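Here is the structure we will look at, set down as structure tokens.
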Amino acid sequence: MIGRPSYSPNAEGAGSTLRLFFVRALVLCISVSLSACAIPSEPKESASPRPGDPYESLDRLAEELKASVRIARDAEASTVPFGRGEGALHVLRLLRRAIDEELVWADTDHPYFQAQDERYAKLALGNPDNLYLVTRIEEGAVYRISGRRGTTADFTLQIYQGYPGIHRPMQARGALGLSQLEMDDEGRFEVIVGGPQRPGNWLELAPGSRRILVRYTYGDWTTEAAGELRIERIGSRGRAGRPVEDEVVAARIDSTAGYLADALTGYLEIVDQVYAGLEMNTLRRLRRMSGAAGGLENQYSASGRYRIRDDEVLVVTTRPSDARYQGFQIGTEWFEALDFVNQVTSLNTTQARLSSDGLYRFVISTRDPGVANWLDASGAPQGQMLLRWQGASELSADHEPKVLLVPFDSIASYFPKDEPNFDVADRIDQIAQRQLAIERRYGLVRR
């Protein structure tokens, strides 16, 4: 109910109240009159889609992100310790990779090599010993790559088709490694990519080719260094870039959404293919990579899964080989590497300690066991493990890794009696060396 106006016994106050009442009434009447004769506003734009509209493409990307969240939330990997947080980060890393692939590197007229994922090469169980460089290319063009080999344990250039997904499967279509790459006495080289076949360093651009991936694989992180590398599209040097039209931006954003959807389902499919049915705390037998699935022609691998309690350790034993590079890492159930900078979650045979009986013993546990070759699983008590050999001759059954789950307090009995203790100061120094080496690898410090 609207109350009656209150009147003060003061005559001046009563007059002020009446004047205020009439002013308000007049304003209301004017407002009603103006609204009655107001000029009609411009009609709103139709809600129907506009082809080539970048903002509508962003809306579709947002919807794809929501769909990816739903898929990740329901995935089995979300049920393990730290799985939901890692799953959310996995979606965001895939989104970042999609943006890099489809937007940042989209100009194939002016390609350049960029460090993939910068300090953390996590996706697809990225190798912590690799500096990955990537650039986008397109079929029908011709590119020149020139550079210097550097001093890393291994080095490879590889061309890829497709995407890391089940709808457009990623396939490797040619590579040049140290055994094929022709260099001068100073390690300098030039590689032609595309065009008619020619002698020397040449790689074919098969239909669907879209990216070049470079691996500088480190053995000794503290002393080895990557070389120099540059790429140009032949005929484009000195040409100015072209304005990017709205329709092109929209198409690139749509490609970003497609990449995100395909990569998420694709990586989950890879995990199912590689790890489904594999018992916990076991490794598959050694296998030689074909190269077509994205690996290297000269690479062997052994993959497995683990699950350990705080009172357990997993001891993985391997032998030395003639491989240019031999490494071991653990990762999450999202097929991602763990933090390898501030934790010891990977070791190669240059870094690892060889026991007096000629074997490497790696210990996976959630707390420090006091041995040099510890792989820290505190961030993933359940996860994946992978061993790699690159540049190896034929490996035999003698090189098959052995896995043993044992009580934490009995670790010493599985090592030779002369195995030295690795104390807290040793661990601090080990991690500090890793941190400095990664800063050097990515150009943050010079020495």
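Residues being closer than 15 Å to THR217 by Cα and among the hydrophobic types (A, V, I, L, M, F, W, C): count how many of those fall in the stretch 293-339.
The total comes to 3.
Considering only the stretch 304-316, I want to know if a residue exists there that is under 19 Å from the mean Cα position of the chain (by Cα), within 28 Å of PRO416 (Cα to Cα) and of a type in the set (A, V, I, L, M).
Within the stretch 304-316, the first condition is being under 19 Å from the mean Cα position of the chain (by Cα), and the residues that meet it are none.
No: zero hits.
If you check GLN161, GLN180, GLN197, which single one turns out to be touching a Ser or Thr at 6+ places or on another chain (Cβ under 6 Å) and either without any contact (Cβ under 8 Å) to a residue 24 or more places away in the chain or farther than 24 Å from GLN326 by Cα (or both)? Talk me through it step by step, then tell me what you get.
On the way: GLN180 fails: touching a Ser or Thr at 6+ places or on another chain (Cβ under 6 Å); GLN197 fails: touching a Ser or Thr at 6+ places or on another chain (Cβ under 6 Å).
Step by step, each of GLN161, GLN180, GLN197 is checked, and only GLN161 is touching a Ser or Thr at 6+ places or on another chain (Cβ under 6 Å) and either without any contact (Cβ under 8 Å) to a residue 24 or more places away in the chain or farther than 24 Å from GLN326 by Cα (or both).
If the requirement is being in contact (Cβ under 8 Å) with a residue 12 or more places away in the chain, touching a strand residue (DSSP E or B) at 6+ places or on another chain (Cβ under 8 Å) and over 28 Å from GLU64 (Cβ atoms), which of these qualifies: ARG144, ARG97, ARG173?
Numbers: ARG97 fails: over 28 Å from GLU64 (Cβ atoms); ARG173 fails: over 28 Å from GLU64 (Cβ atoms).
Within the list ARG144, ARG97, ARG173, the selection yields ARG144.
Exactly one condition in (1) aliphatic (A, V, I, L, M); (2) crowded, with 19+ Cβ neighbours inside 10 Å; (3) modelled with pLDDT of 95 or more is not met by MET183; state its number.
Failing condition for MET183: (2).
Per-residue answers, yes or no, for (1) over 30 Å from LEU347 (Cα atoms); (2) assigned by TED's automatic domain parsing to the domain that holds LEU178:
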{"position": "SER209", "(1), (2)": "yes, yes"}
{"position": "TRP221", "(1), (2)": "no, yes"}
{"position": "ALA226", "(1), (2)": "no, yes"}
{"position": "LEU229", "(1), (2)": "no, yes"}
{"position": "SER255", "(1), (2)": "yes, yes"}
{"position": "GLY258", "(1), (2)": "yes, yes"}
{"position": "LEU286", "(1), (2)": "no, no"}
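Residues checked against (1) under 30 Å from SER78 (Cα atoms); (2) in contact with a Cys (Cβ under 7 Å, 6 or more places away or on another chain); (3) exposed (fewer than 14 other Cβ atoms within 10 Å of the Cβ); (4) of a type outside the set (D, E, K, R):
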site	(1), (2), (3), (4)
ARG252	no, no, no, no
GLY258	yes, no, no, yes
ASP272	yes, no, yes, no
MET289	yes, no, no, yes
GLY327	yes, no, no, yes
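Please specify each residue of the stretch 186-211 satisfying the condition of being at pLDDT below 95 and of a type in the set (A, V, I, L, M).
Answer for the stretch 186-211, where residues must be at pLDDT below 95 and of a type in the set (A, V, I, L, M): LEU205, ALA206.
If you go through the stretch 98-157 one residue at a time, how many are within 30 Å of GLN351 (Cα to Cα), in a strand (DSSP E or B) and over 18 Å from the mean Cα position of the chain (by Cα)?
8
Tell me, which strands (runs of 3 or more DSSP E) lie completely within the stretch 229-348 with 3 or more residues that are aromatic (Phe, Trp, Tyr) and at pLDDT 95 or above? Can you show your working first?
On the way: elements: 299-307, 312-318, 325-331, 346-348.
Because the criterion is at least 3 residues that are aromatic (Phe, Trp, Tyr) and at pLDDT 95 or above, no strands (runs of 3 or more DSSP E) in the stretch 229-348 meet it.
Can you tell me which residues in the stretch 374-427 are part of a strand (DSSP E or B) and either of a type in the set (Gly, Ala, Ser) or exposed (fewer than 11 other Cβ atoms within 10 Å of the Cβ) (or both)?
Pass one, the stretch 374-427, residues part of a strand (DSSP E or B): 374-376, 382-390, 402-407.
Scanning the stretch 374-427 gives a single hit, GLY383.
Scan the stretch 65-95 for residues that are part of a helix (DSSP H, G or I) and on the phi > 0 side of the Ramachandran plot and jot them down.
Correct list: empty.
Test GLN343 against the criterion of being surrounded by fewer than 20 Cβ atoms within 10 Å (Cβ to Cβ) and within 24 Å of the chain's Cα centre (by Cα), and give yes or no. Show your work before the answer.
Values: surrounded by fewer than 20 Cβ atoms within 10 Å (Cβ to Cβ): yes; within 24 Å of the chain's Cα centre (by Cα): yes.
Against the criterion (surrounded by fewer than 20 Cβ atoms within 10 Å (Cβ to Cβ) and within 24 Å of the chain's Cα centre (by Cα)), GLN343 qualifies.
So which residues in the stretch 245-270 are closer than 21 Å to THR108 by Cβ and charged (D, E, K, R)? Step through it out loud before you land on a result.
Applying the first criterion (closer than 21 Å to THR108 by Cβ) to the stretch 245-270 yields 245-260, 262-263.
Hits for the stretch 245-270 are GLU245, ASP246, GLU247, ARG252, ASP254, ASP262.
The values are calculated or read from the model by the stated rules, or taken from the named source; none is laboratory data. All values reported here derive from a predicted model rather than from experimental measurement. Neighbour counts are summed over all protein chains in view; Cβ atoms, including those assigned to glycine, are modelled from backbone coordinates with ideal geometry.
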